[in-house]
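Remarks on the structure that follows.
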Amino acid sequence: MMKLRACIPLLAGLITVSLVADVTARDAANPQLTSDTTSEHAQQLAQNTSPLTVIRNLNQGSGVNALAFSRDGRWLAIASTDRKIRVWNVNALLQGDERNYIRVVIDIPSADAYATSLTFSTDGQWLVTGTYNGNFRRWDLNACDARRNTCNANLLQANEYFGVDTNVSFHPSETLLAGSNYDGTITLWDWANLSVLTVLEPETGAHDGSQLEGRFSSLAFSTSGRYLTAGTHNKSITLWDFEDNFSRVLTIETDFGVETVDFSPTDEILASGGLQGIELRTLNYRQRYPRVSEPFLLENPSRVTTLLFSPDSRYLVSGDSDGTLAVWDVIDRQLVVRSDANQSHGQSIMEVTYDPVNGFYATASVDGTVKLWQLQ
């Protein structure tokens with residue numbers, strides 16, 4: 001899944017930690033929301049010096065699979081295993097305006113199981129979902145029925161299989177939409193008319209969906225929009241060149257299965273996360289096809305499940321299978337900070353993303369919570 005780039009500077013100094021409020025979606029269909037005051041324990045945490053600040057806890061009541069900020073920072077979409085997508089009003093959350101926390105709740109069709117990936121269109125009108133059974137839909141957030149918990153939708157692709165975490169990502173120009181499939185392929189749609197342009201295939205892995213290792217675990221476009229990269233659990237990363245008729249130009253063999261992959265904003269570094277930590281590779285574009293350096297491993301005590309770069313390409317923010325959030329210095333190639341037990345999620349972090357307007361990160365976890373983090 002393509003992630004919004006981090007646009008907040010990470011300073012050399014430390015940052016305070018405070019837990020401002022817990023916000024709970026109490027009713028799955030029509031959540032009644034409350035904003036609890038800061039607990040005594042959280043107030044004690046706020047007095048300590050720490051590099052991370054948790055500013056909100058959003059309790060969804062069931063495991064959270066995916067989340068996405070709109071490009072203008074107004075909305076935060078959260079997809080959970082209860083087959084619901086809740087679109088939160090970010091300004092209302094920050095101001096404690098309980099009556100306006102939720103913009104809309106969308107009930108995912110039972111045939112889709114639940115959403116595994118989300119992305120907003122640039123104008124914020126459309127929310128695109130990839131689902132557990134491989135279906136892709138786009139939802140018109142300007143045409144919703146609050147009483148029925150639904151919005152007008154277009155089915156982009158229907159599949160007959162079940163049990164795969166699809167990924168969906170917009171090209172930087174938003175002319176194309178990419179979605180990964182159960183059979184180890186990637187579908188590209190023309191966003192203007194929703195027609196299928198082509199289907200991309202990897203060099204390795206199962207093509208019939210019979211092996212988990214043959215399917216893509218993550219997608220990311222380069223900042224320039226020329227390349228699309230995808231990682232698989234079978235220890236490989238593939239690059240396609242969109243200026244060369246969508247040709248596959250590079251296959252990278254990794255030291256471990258790939259959970260997540262991302263380009264640096266300068267497109268000079270390719271980062272991938274997995275069982276042993278994060279592998280960093282320098283990209284060289286001097287020849288016709290890109291070349292990569294040998295990997296440098298940032299070792300991590302638990303599996304890295306999601307990551308994204310800061311805008312200057314200096315830092316990486318990663319989420320782990322044990323629920324911790326970490327910040328890495330890419331130049332010095334070392335850990336900057338890791339969340340402590342009081343801050344971390346209780347279970348694996350599924351996604352980390354960034355609000356480019358309000359200046360904070362959000363993490364989604366299997367433990368049913370979304371945390372909003374501030375880095376100063």
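Remarks
- Per residue, the accessible area of the range 232-281 comes to 33 Å², computed with a 1.4 Å probe over protein heavy atoms only.
- Extension gain (nm, one decimal) between GLN157 and GLU294, 0.36 nm per residue minus Cα-Cα: 45.5 nm
- 1.4 Å probe accessible area per residue over the range 283-349, in Å²: 48 Å²
- Computed from the C-alpha gyration tensor, the three semi-axes of the ellipsoid equivalent to the range 234-376 are 27, 16, 14 Å, from longest to shortest.
- Charge tally in the Cβ shell below 11 Å around TYR285, where Lys, Arg are +1 and Asp, Glu are -1, TYR285 excluded: +1
- Here the range 56-91 and the range 96-153 have alpha carbon centers that stand 10 Å from each other.
- Estimated from the Cβ-Cβ distance and a Förster radius of 51 angstrom, the FRET efficiency linking GLN376 and ASP190 is about 0.80.
- For the range 52-167, the solvent-accessible area of protein heavy atoms averages 37 Å² per residue (probe radius 1.4 Å; ligands and nucleic acids excluded).
- At an R0 of 30 angstrom, the distance between the Cβ atoms of LEU275 and VAL249 translates into a FRET efficiency of 0.65.
- Derived scalar couplings ³J(HN,Hα) [the range 94-110; Karplus, 6.51 cos²θ - 1.76 cosθ + 1.60; whole Hz; x for Gly, Pro]: 5, 8, x, 7, 4, 5, 10, 4, 9, 7, 7, 10, 10, 7, 6, x, 4
- Length gained on full extension, SER224 to LEU197, computed as 0.36 nm times the residue gap minus the Cα-Cα distance: 7.7 nm.
- Of GLU98, GLU299, the order by accessible heavy-atom surface (1.4 Å probe, DNA, RNA and ligands excluded), from most exposed downward, is GLU299, GLU98.
- Carbon and sulfur %, accessible surface of the range 266-360 computed with the full protein complex present, 1.4 Å: 45 percent
- Virtual paramagnetic centre 7 Å along Cα→Cβ of ASP107, amide N under 12 Å, in the range 131-150: 146-150
- For the range 220-261, the list of GluC sites (Glu not before Pro) that fall in a loop by DSSP and count at most 13 other C-beta atoms within 10 angstrom reads GLU243.
The values are calculated or read from the model by the stated rules, or taken from the named source; none is laboratory data. Quantities reported herein were computed from a predicted structural model and do not represent experimental measurements. Heads up, the Cβs are rebuilt from the backbone with ideal geometry, glycines too, and the neighbour counts pull from every protein chain shown. Only protein heavy atoms, including side chains, enter the accessible area calculation; ligands, DNA and RNA are left aside. Shrake-Rupley method; radii C 1.70, N 1.55, O 1.52, S 1.80 Å.
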